[in-house]
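S.K.: Have a look at the structure that comes next, please.
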Amino acid sequence: MRVLVVGGGAREHALCLALRADPAVVGLACAPGNAGTDTLAEARPLDVADPHAVADLAVALGADLVVVGPELPLVAGAADAVRAKGIACFGPSAAAARIEGSKDFAKAVMAAAGVPTAASRTVGDRADVDRALTALGAPYVVKDDGLAAGKGVVVTADRDAAAAHAHAVLAAGHRVVVEEYLAGPEVSLFAVTDGTAIRPLLPAQDFKRIGDGDTGPNTGGMGAYCPLPWLPAGFGETVLEQVLGPTVEEMARRGTPYQGLLYAGLVLTADGPKVIEFNARFGDPETQVVLALLRSPLARLLLAAATGRLAEHPPLEWSTDSAVTVVAAAAGYPGSPRVGDPVLGGTGPGVLHAGTSRGPDGTARTSGGRVLSVTATAPTLSDARDAAYARLGAVGFAGMHHRTDIAAAAVAGLVVTPR
Ligand code: AMP
Ligand code: GLY
């Protein structure tokens, strides 16, 4: 099987590693990739936002399977364009990817399917913002209805700050979703689906805020661990029954079957798990820890989903280890990151590249906000955490910063409840 991975983050580096390890894979390309993926996979330049460019590259490479990493190409129709060329694609159609592309659409699907989620109102003007903030109350949760690279959500007790974010989103021409605040620990649960059959992967936890102790602004994600020792027994089955199953059925009923990776962002509330968001793709950095523990060959699994044969796929096999990943970010992130600095230690074990590219001399340079995602596995979560931080100590670039508390509360036997 020849596989093309679309994207250029640490998620795609993790996908390339797992695909390379599948003996069914005879050719692997990653476009546009980064200074880590280009050591494992053929690198090709690509404008991922252009569905026809994605499809043309798949044809040029003779790909049997395209795996789309980020949401932007999916929402733009990359999977449709690839399938129109007769090539299997792991990833939802543009119509189905709206489950991530519009929070209001996701809410409508959940309402129709009876999926537990936060109460919400979608508003289009400033007067309605005020009414919605009053109706749903503090702490205020204000979301950009459209794609915002993980930075469209503000959660705050400060009503003026909540209103200011809503006004900025409206000024950018998007609608605003105001939501009920859900208290409890967050869980990311990924499921592979062909539109009918569903295979949940192991639950993971992401750390969204920039600072230790869940302080400061939201980011794309600063670290993750897997599995979650504090989850109640039967959590996966509950989410399959109450969330994933009804959602996949509702998407099919609407004539827009969902095929690819369905990412449920959940809060484990006192009343059970509730959805705070759906994503149409693998999460980053959770993928780095989930795939580190997957023992089943990845290409065969994704091809089975992409070709409607997931029901025939054998049960997934997992390592009993734990995995931890810590993101090394550039100075300025999540604002404007400093770029162009040499990356040291970038070829070390467990070092996955994100915002890196090669300079004129061929060495790796920083080129984005999240630069590296340093990952380790071990038989205990405590040892995995220590190993990930030890590996992080061997990488560096000017202005590098990272959280020091990834998986720390879980190692101490506590549950992490973001503020
Ligand atoms: P999202 O991009 O929708 O995952 O939101 C980013 C972060 O905001 C989440 O990871 C949560 O920490 C927080 N958040 C979003 N929605 C809610 C909610 N309804 N209640 C509490 N926190 C939320
Ligand atoms: N880790 C959060 C995301 O991928 O959206």
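S.K.: Could you please let me know if L302 is buried (at least 24 other Cβ atoms within 10 Å of the Cβ), in contact (Cβ under 8 Å) with a residue 24 or more places away in the chain and either in contact with a strand residue (DSSP E or B) (Cβ under 6 Å, 6 or more places away or on another chain) or over 22 Å from A197 (Cα atoms) (or both)? Even if it seems obvious, please write down each step before you answer.
M.R.: Values: buried (at least 24 other Cβ atoms within 10 Å of the Cβ): yes; in contact (Cβ under 8 Å) with a residue 24 or more places away in the chain: yes; either in contact with a strand residue (DSSP E or B) (Cβ under 6 Å, 6 or more places away or on another chain) or over 22 Å from A197 (Cα atoms) (or both): yes.
Taking the combined requirement at face value, the residue satisfies it.
S.K.: Is it true that some residue in segment 221-239 is among the charged types (D, E, K, R), more than 23 Å from L15 (Cβ to Cβ) and not in a loop (DSSP other than H, G, I, E, B)? Quick ask: steps written out before the conclusion?
M.R.: Our first condition is that a residue be among the charged types (D, E, K, R); within segment 221-239, this holds for 237.
Of the ones still in play, those that are also more than 23 Å from L15 (Cβ to Cβ) are 237.
Within this subset, residues satisfying the condition of being not in a loop (DSSP other than H, G, I, E, B) are 237.
Yes, there is a match, as at least one residue in segment 221-239 is among the charged types (D, E, K, R), more than 23 Å from L15 (Cβ to Cβ) and not in a loop (DSSP other than H, G, I, E, B).
S.K.: Further, regarding this structure: Residues that are open to solvent by less than 20 Å² (accessible area, probe 1.4 Å) and at pLDDT below 95: which strands (runs of 3 or more DSSP E) entirely in segment 127-220 hold 1 or more of them? Explain how you work it out, then say what you get.
M.R.: Details: elements: 140-144, 153-156, 176-179, 186-193, 198-200, 209-211, 215-218.
Qualifying strands (runs of 3 or more DSSP E): 140-144, 176-179.
S.K.: Six or more apart or on different chains, Cβ atoms under 8 Å: show the pairs whose first residue is in segment 46-58 and assigned to a helix (DSSP H, G or I) and whose second is open to solvent by 60 Å² or more (accessible area, probe 1.4 Å) and modelled with pLDDT of 95 or more.
M.R.: P51/D80; A53/D47; A55/A84; A55/K85; L57/R44; A58/K85
S.K.: Right, next: Within the group A79, A58, which residue is touching a Cys at 6+ places or on another chain (Cβ under 9 Å), closer than 21 Å to Y258 by Cα and buried (at least 24 other Cβ atoms within 10 Å of the Cβ)? Write out each step before concluding.
M.R.: Details: A58 fails: closer than 21 Å to Y258 by Cα.
Of A79, A58, the one residue that is touching a Cys at 6+ places or on another chain (Cβ under 9 Å), closer than 21 Å to Y258 by Cα and buried (at least 24 other Cβ atoms within 10 Å of the Cβ) is A79.
S.K.: Does segment 217-240 include one or more residues that are more than 12 Å from ligand 1 (Cβ to nearest atom) and closer than 19 Å to G91 by Cα?
M.R.: Within segment 217-240 (the criterion being more than 12 Å from ligand 1 (Cβ to nearest atom) and closer than 19 Å to G91 by Cα), the answer is no, since none of the residues qualifies.
S.K.: Identify all residues within segment 188-209 that are more than 22 Å from R295 (Cβ to Cβ) and within 13 Å of ligand 2 (Cβ to nearest atom); write none if there are none. Show your work before the answer.
M.R.: Pass one, segment 188-209, residues more than 22 Å from R295 (Cβ to Cβ): 195-196, 206-209.
Across segment 188-209, the qualifying residues are D206, F207, K208, R209.
S.K.: Suppose we keep only residues that are at pLDDT 95 or above and among the aliphatic types (A, V, I, L, M) within segment 232-251. Which one would you say is surrounded by the fewest Cβ atoms within 10 Å (Cβ to Cβ)?
M.R.: Among those residues, the one meeting the criterion is L240.
S.K.: Any residue that is touching a residue at least 60 places away in the same chain (Cβ under 8 Å), open to solvent by 10 Å² or more (accessible area, probe 1.4 Å) and more than 24 Å from M110 (Cα to Cα) - is there at least one of those in segment 279-291? Steps first, please.
M.R.: Step one: list which residues in segment 279-291 are touching a residue at least 60 places away in the same chain (Cβ under 8 Å), which gives 279-291.
Adding the requirement that they be open to solvent by 10 Å² or more (accessible area, probe 1.4 Å) leaves 281, 284, 291.
From the residues that got through so far, the ones that are more than 24 Å from M110 (Cα to Cα) too are 291.
Looking for residues that are touching a residue at least 60 places away in the same chain (Cβ under 8 Å), open to solvent by 10 Å² or more (accessible area, probe 1.4 Å) and more than 24 Å from M110 (Cα to Cα), one finds at least one in segment 279-291, hence yes.
The values are calculated or read from the model by the stated rules, or taken from the named source; none is laboratory data. In this text, all values refer to a predicted model and were calculated from it rather than measured experimentally. Neighbour counts are summed over all protein chains in view; Cβ atoms, including those assigned to glycine, are modelled from backbone coordinates with ideal geometry. Quick note on the areas: whole protein, heavy atoms, side chains included, nothing else; ligands and nucleic acids left out. Shrake-Rupley method; radii C 1.70, N 1.55, O 1.52, S 1.80 Å.
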